[in-house]
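Data first, discussion second: the structure below is written as structure tokens.
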Amino acid sequence: MEKELELLKENLQMELKNCTKEADCLNVKSKYVGKKSRIMELLASLKDMSVEEKRQYGSLINTTKKELENIVSEALENLENKVEVNFDDTVDYEVESGSLHPVTIIAKEVTDALKKMGFTIVSGPEMDSEYYNFEALNIPKDHPARDMQDTYYLDNDKLLRTHTSGVQVRAMEKYGAPLRICVPGRVFRNEDLDASHENTFFQLEGMVIDKNISIENLIGVMQELLREVFHKDVKVRLRPGFFPFTEPSYELDCSCLICDGKGCPTCKNSGWIELVPGGMIHPNVLKAGGIDPNVYNGFAFGLGLTRLAMMKYKINDIRVLNSGDVRYLEKFRID
Ligand code: FA5
């Protein structure tokens with residue numbers, strides 16, 4: 001009996017060694033400890049044994065049964081730790097490569113152009129404080145300018161930034177003057193959607209602070225930037241604008257490239273698309289950033305990156321850019 005029980009354990013171990021799949025292990029388990037297994041037969045035979053034999057073999061058969069079960073459990077556990085990855089290289093499939101999103105491409109082109117002009121790329125938080133998004137920019141609570149940039153106010157006293165301008169004072173505090181930075185990033189507005197308005201879109205802030213900066217410097221940077229992006233001269237117009245953080249402020253519009261300035265739903269039939277507002281940084285903003293407005297001045301602009309992508313790739317509805325519909329985005333594939 002002792003020999004037979006020893007042999008059972010040895011055979012079980014040998015058979016388990018050859019198992020590479022869980023199903024194989026379970027088959028072996030059923031053979032050695034299942035209802036019709038030899039060990040179960042021996043257990044059942046105990047009832048017909050004499051008292052003397054029961055005493056002799058009872059506990060031996062029971063412990064062997066437990067040992068057999070433990071051997072199987074261990075083998076199953078080892079199998080789980082050995083995750084096997086099988087590649088079926090006989091399957092025939094086509095690999096389609098992805099492409100960059102049009103806004104990503106435009107962001108790269110614009111930042112490359114600005115880098116050539118000595119700008120450094122910096123970033124800021126999408127979830128920002130009211131202070132950096134509004135107050136530091138000369139927009140106190142209850143200022144009407146806040147109505148034009150309604151946003152999503154969060155439970156933690158923060159908000160989703162409405163523009164990349166929030167980085168202006170952050171950068172002044174961090175780097176001081178002189179300064180030449182650009183900040184591409186995602187911004188949010190709580191507003192109705194239409195062909196040219198999204199609630200989530202991209203802007204690029206540009207800011208230069210130095211001595212004796214003038215509006216001509218701003219116009220020069222804009223002209224160079226648009227030439228680099230469109231590889232041709234694009235018709236633009238400059239008109240007065242209003243922002244509490246720049247004085248004077250301007251709006252630079254681009255002739256609508258969807259309809260060649262004739263008027264369409266994208267440009268609301270005006271023939272023009274509002275693209276880059278900007279102006280000379282207000283002395284209060286420089287002060288908030290710890291920069292002396294009697295020594296330094298500068299300009300800032302806020303380029304609508306998403307709208308620029310629409311103009312460059314002639315996308316007549318902004319909503320497609322956030323739709324995640326690859327079939328549509330495929331059309332703007334740039335290899
Ligand atoms: C601003 O956001 C200012 N921070 C810009 C600025 C920066 C002014 C520095 C002065 C100095 P505005 O709200 O106009 O301004 O937005 C800037 C650009 O973002 C617009 O010209 C437009 O191109 C784009 N834009 C604005 N709202 C939307 C929207 N809902 N969907 C898509 N693009 C938008």
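Return the inverse of the average 1/r over all pairs of distinct C-alpha atoms in the chain, which is the Kirkwood hydrodynamic radius, in Å to one decimal.
One decimal place: 25.5 Å for the Kirkwood radius.
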Q) So which chymotrypsin sites (Phe, Trp or Tyr not before Pro) in the stretch 114-153 end up in coil per DSSP with only 16 or fewer other C-beta atoms within 10 Å? A) TYR152
Q. Put PHE299, PHE202 in order of accessible area, largest first, 1.4 Å probe: what do you get?
A. PHE202, PHE299
Q. What is the spin-label model distance, in nm, from MET14 to ARG227 if the labels are put 7 Å beyond Cα along the C-beta direction?
A. 8.7
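Give a quick list of trypsin sites (Lys or Arg not before Pro) in the stretch 74-131 that DSSP marks as loop, anything other than H, G, I, E or B, with at most 13 other Cβ atoms within 10 Å.
Numbers: sites: LYS82, LYS108, LYS115, LYS116; in loops: LYS82.
For trypsin sites (Lys or Arg not before Pro) across the stretch 74-131 that sit outside H, G, I, E and B with at most 13 neighbouring Cβ atoms in 10 Å, the list reads LYS82.
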Q) Which of GLU52, GLU126, GLU198 moves most in a GNM of the chain, Cα contacts under 10 Å? A) GLU52
Q | Three-way shape call for the stretch 160-246 based on the alpha-carbon gyration tensor, with the a/c threshold at 1.5 | A | oblate
Q.
Among DSSP bridges having both ends in the stretch 102-332, what percentage is antiparallel? Round to the nearest 5.
A. 95
Q: Can you send over the carbon and sulfur percentage of the accessible area for the chain, probe radius 1.4 Å, protein chains only?
A: 50
Q) To the nearest Å, what is the center-to-center distance of the stretch 266-301 and the stretch 197-223, using C-alpha atoms only? A) 7
Q: For THR120, enumerate residues with amide H under 5 Å from its amide H, sequence gap 5+ or separate chain, H modeled in the peptide plane.
A: ARG180, ILE181, CYS182
Q. In terms of modelled amide H atoms, which long-range or inter-chain residues lie less than 5 Å from the amide H of GLY261?
A. CYS256
Q) What accessible area, in Å² to the nearest ten, does a 1.4 Å probe give for GLU173? A) 90
Q: Work through the residues other than GLY176 whose Cβ is under 13 Å from its Cβ and net out their charges, Lys, Arg +1 and Asp, Glu -1.
A: 0
Q. How do GLU80, GLU251 rank by accessible surface area computed with a 1.4 Å probe, from largest to smallest?
A. GLU80, GLU251
Q | Residues of the chain: accessible area per residue with a 1.4 Å probe, Å² | A | 57
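The values are calculated or read from the model by the stated rules, or taken from the named source; none is laboratory data. Please read these numbers as outputs of a predicted model, since none were measured by experiment. Please note: Cβ atoms are built from the backbone with ideal geometry, for glycine as well, and neighbour counts cover all protein chains shown. All accessible areas refer to the heavy atoms of the entire protein, side chains included, with ligands and DNA or RNA removed. Shrake-Rupley method; radii C 1.70, N 1.55, O 1.52, S 1.80 Å.
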